[in-house]
Amino acid sequence: MKHLQRPVRRALLVVHVAVSVAWLGLSLGLLTLGLTAYTTQDPSLTQAAYRAMKVFADWLLAPVALVTFGSGLVLSLGTPWGLARHRWVWIKFWLTLATAAATIFALRPEIAHAAAAGVPDSSLVGAPVVSTTAYLFMTAISVLKPWGLTRRGRRLRASAARRAPRTERASRQDQFS
């Protein structure tokens, strides 16, 4: 894929960060509602908390997860970071894919079931804890960019260095002499 032009890349980066932060906030909100529903002694509050979770699940979870995944994928493919060149990008890709799939195919149906039943469900505390932890971890590696290049990234870098014209390499060495 051709590299994105700077204005497009910046706009996409803003979208990606915004929806990623929204996904984290949504997860924290679901955690709060899940804890409330699970710990209260009031059945009507349990029912209300699960119904509120269902509103978020029905309207926000899937779109936010998919836009986060899609914008991250386009950014990785359209920038020098690449999808499989750096370990932190590769790990974020797979974690985002896994959490998006779990959100859409497991969490949303579980919330719908709990909203219909109105009975405390510990899985609706555990799932947001896991997702919040995953999103915080992905945020940290996005900022810190640890672990360096993947094997593919090292191979691509070495290949690019071999293709660099001799005069360009010589002039770079002369600069440091």
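Before moving on, here are some points about what is shown:
- Residues (touching a Phe, Trp or Tyr at 6+ places or on another chain (Cβ under 6 Å) and surrounded by fewer than 19 Cβ atoms within 10 Å (Cβ to Cβ)) located in segment 84-100: A84, R87
- Only a single criterion out of (1) in a helix (DSSP H, G or I); (2) within 28 Å of A11 (Cα to Cα); (3) among the hydrophobic types (A, V, I, L, M, F, W, C) is not satisfied by V129, namely (2).
- Residue in segment 43-66 that is surrounded by 18 or more Cβ atoms within 10 Å (Cβ to Cβ), without any contact (Cβ under 8 Å) to a residue 40 or more places away in the chain, closer than 20 Å to V129 by Cβ and not aliphatic (A, V, I, L, M) present: no
- A22 vs. criteria in contact (Cβ under 8 Å) with a residue 40 or more places away in the chain and in a helix (DSSP H, G or I): yes
- For F137, the conditions (1) open to solvent by less than 50 Å² (accessible area, probe 1.4 Å); (2) more than 30 Å from L45 (Cα to Cα); (3) modelled with pLDDT of 95 or more are fulfilled apart from (1).
- From the options W23, W59, residue that is in contact with a Leu (Cβ under 9 Å, 6 or more places away or on another chain) and either more than 30 Å from R154 (Cβ to Cβ) or among the β-branched types (V, I, T) (or both): W23
- Failed criterion for L4 (all others in (1) open to solvent by less than 50 Å² (accessible area, probe 1.4 Å); (2) hydrophobic (A, V, I, L, M, F, W, C); (3) modelled with pLDDT of 95 or more hold): (3)
- Output for segment 101-127, where each listed residue is over 20 Å from F69 (Cβ atoms) and loosely packed, with under 15 Cβ neighbours inside 10 Å: A116, A117, V119, S122, G126
The values are calculated or read from the model by the stated rules, or taken from the named source; none is laboratory data. Model, not experiment: these values are computed from the prediction. Cβ coordinates were reconstructed from backbone atoms using ideal geometry, including for glycine residues, and neighbour counts include every protein chain displayed. Surface areas here come from the heavy atoms of the whole protein model, side chains and all, with no ligands, DNA or RNA. Shrake-Rupley method; radii C 1.70, N 1.55, O 1.52, S 1.80 Å.
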